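Reading through the structure tokens given below for one structure.
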Amino acid sequence: MKYYSSTTQFNCGIDLHAHQMYVCLMDRQGHKLLHTNIWNNDFEYFLSRIGPWRDDLTVCCECMFGWYWLSDACQAAGLEFVLAHALYLKAIHGGKNKNDRIDSEKLAHLLRTNLIPPAYVYPADKRPLRALLRQRIYYVWSRADLLARIQSHQLAHNRPALRQTRPNRDPWEQQLLAQEPDPVRQLALQNDLAMIRHYDTQITALEEHLNGLTKQTAPREYALLQTVPGIGEHLGMTILYEIGDIERFPTVKDFLSYCRLVKGTVASAGKIKGLRGAKLGNPYLRWAFGEAAIIAKRDPQIIGPLAQQLEARMNGNKFKANTVLAIKLARAVYFMLRQHTVFDQ
């Protein structure tokens, strides 16, 4: 766990909510100079209250769904902003009593004593692209859920699985409807098929737009990622935008940990008692490298034989073998982006 080192004389902890924020401002000695609740997240009123200490102040809030606006507002006002990692922070300042007033005070204390575990503040100018890419991923997953539901219905009635025709879904839809004699179930199928077609249209439009924007903003990195086996246009965009700046990871171990590809160990008295921290990190990167590992196994020359060797070493456990392969691909991506080189088998 890494900690943020505050260099300012005054430190402000904010317990942020959707419609209010509890503010606690302290000096280096821990004396409370301001402790109040600000309704409707009025940032101009917040600036007026912190006016006497504004020139040498650091602002900190816990990572929650609504921190974007506060980060951008602090940056525009010239204030140092720190985003605290929510899970690490809970482990540090957990207590018997908990409310907004206590939480804001604890944040200020942790900030002035250099005990804030920082989270990455994703650049504001890149957030819209990342949000658009995550929207595409959500649509793809939703479409997959609909397709799986149709497949489950086929299996429930002991019907053979029909081969999907993605460029043209008409033959597949006609066969599905022809197999269903019940008019009520036909209506349900038609609703699912209409939603799938709608997702097809939106996903295709999003992919074209994202591809064009990526080639404008990061053409070199985008091209480098596509030289990795198993990484195509869409996985390449996911990895590129979820990483952000590769320089924020000092070592490859930090990068693998952020990708949820390695777990932390629990040790006591020199003995490892177990593993934990599997869900600490970026879920989209974990998904992307997992998908890349599965696709890369189709390579008959290098990756395919390697995957077979890993499965034999893991006693046939494909999940563990795919995870090891995903780690190898992630390590390659880390050094490729750091050194600006193409993939070398």
Index of the failed condition, Cys24 passing every other in (1) more than 25 Å from Pro123 (Cβ to Cβ); (2) surrounded by fewer than 19 Cβ atoms within 10 Å (Cβ to Cβ): (2)
Filtered residue count, segment 250-261, keeping only those that are over 20 Å from Phe319 (Cα atoms) and surrounded by 14 or more Cβ atoms within 10 Å (Cβ to Cβ): 2
Lone qualifier among Gly274, Gly230, Gly264 - being closer than 28 Å to Leu206 by Cβ, small (Gly, Ala, Ser) and open to solvent by less than 60 Å² (accessible area, probe 1.4 Å): Gly230
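Only one of these is assigned to a helix (DSSP H, G or I), closer than 17 Å to Phe343 by Cα and hydrophobic (A, V, I, L, M, F, W, C): Ala223, Ala205. Name it.
Details: Ala205 fails: closer than 17 Å to Phe343 by Cα.
Answer to the selection: Ala223.
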Some residue of segment 232-249 being outside any helix (DSSP H, G or I), under 29 Å from Gln164 (Cα atoms) and not aromatic (Phe, Trp, Tyr): yes
Subset of segment 233-244 that is in contact (Cβ under 8 Å) with a residue 60 or more places away in the chain and over 11 Å from Ala288 (Cα atoms) - its residue that is surrounded by the fewest Cβ atoms within 10 Å (Cβ to Cβ): Gly244
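Output the residues belonging to segment 27-49 that are in a loop (DSSP other than H, G, I, E, B) and either buried (at least 16 other Cβ atoms within 10 Å of the Cβ) or among the basic types (Lys, Arg) (or both). Spell out how you get there, then give the answer.
So in segment 27-49, the residues in a loop (DSSP other than H, G, I, E, B) come out as 28-31, 40-42.
Those that are in a loop (DSSP other than H, G, I, E, B) and either buried (at least 16 other Cβ atoms within 10 Å of the Cβ) or among the basic types (Lys, Arg) (or both): Arg28, Asn41.
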Selection count where residues are open to solvent by 10 Å² or more (accessible area, probe 1.4 Å), outside any loop (DSSP other than H, G, I, E, B) and farther than 15 Å from Arg54 by Cβ, scope segment 1-14: 1
Members of segment 250-287 that are among the hydrophobic types (A, V, I, L, M, F, W, C) and in a helix (DSSP H, G or I): Val252, Phe255, Leu256, Leu285, Trp287
Some residue of segment 310-319 being of a type in the set (Asp, Glu) and within 30 Å of Tyr138 (Cα to Cα): no
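Which one is nearest to the chain's Cα centre (by Cα), of the residues in segment 280-294 that are of a type outside the set (Gly, Ala, Ser) and over 20 Å from Ala84 (Cα atoms)? Working first, answer last.
As a first pass, look at segment 280-294 and keep what is of a type outside the set (Gly, Ala, Ser): 280, 282-287, 289, 291, 294.
Then keep just the ones that are over 20 Å from Ala84 (Cα atoms); that gives 284-287, 289, 291, 294.
Values: Tyr284: 5, Leu285: 7, Arg286: 9, Trp287: 10, Phe289: 13, Glu291: 15, Ile294: 20 Å.
This residue is Tyr284.
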Only one of Ile137, Ile203, Ile150 that is within 30 Å of Glu233 (Cβ to Cβ), open to solvent by less than 40 Å² (accessible area, probe 1.4 Å), in contact with a Leu (Cβ under 8 Å, 6 or more places away or on another chain) and β-branched (Val, Ile, Thr): Ile150
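Can you find, within segment 153-202, the residue that is farthest from the chain's Cα centre (by Cα) among those that are part of a helix (DSSP H, G or I) and among the basic types (Lys, Arg)? Walk me through how you get there before you give the answer.
Within segment 153-202, the subset part of a helix (DSSP H, G or I) is 153-156, 170-179, 183-202.
Right, trim to among the basic types (Lys, Arg) and you get 185, 197.
Values: Arg185: 38, Arg197: 27 Å.
Top of the filtered list is Arg185.
Does Leu306 fit the bill of being outside any helix (DSSP H, G or I) and either open to solvent by less than 30 Å² (accessible area, probe 1.4 Å) or of a type in the set (A, V, I, L, M) (or both)?
Working: outside any helix (DSSP H, G or I): no; either open to solvent by less than 30 Å² (accessible area, probe 1.4 Å) or of a type in the set (A, V, I, L, M) (or both): yes.
So Leu306 does not fit the description; no.
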In segment 45-99, the residues that are of a type in the set (Ser, Thr, Tyr) and under 23 Å from the mean Cα position of the chain (by Cα): Tyr68, Ser71, Tyr88
Condition met for Trp53 (of a type outside the set (Gly, Ala, Ser), touching a strand residue (DSSP E or B) at 6+ places or on another chain (Cβ under 6 Å) and either closer than 22 Å to Tyr3 by Cβ or loosely packed, with under 15 Cβ neighbours inside 10 Å (or both)): no
Conditions (1) open to solvent by 40 Å² or more (accessible area, probe 1.4 Å); (2) more than 30 Å from Ile303 (Cβ to Cβ); (3) of a type outside the set (Lys, Arg); number of the one not met by Leu176: (1)
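The values are calculated or read from the model by the stated rules, or taken from the named source; none is laboratory data. All figures in this text were calculated on a predicted structure; none of them were measured in a lab. Cβ sites come from the backbone with ideal geometry, for glycine too, and all protein chains shown count toward neighbours. Surface areas here come from the heavy atoms of the whole protein model, side chains and all, with no ligands, DNA or RNA. Shrake-Rupley method; radii C 1.70, N 1.55, O 1.52, S 1.80 Å.
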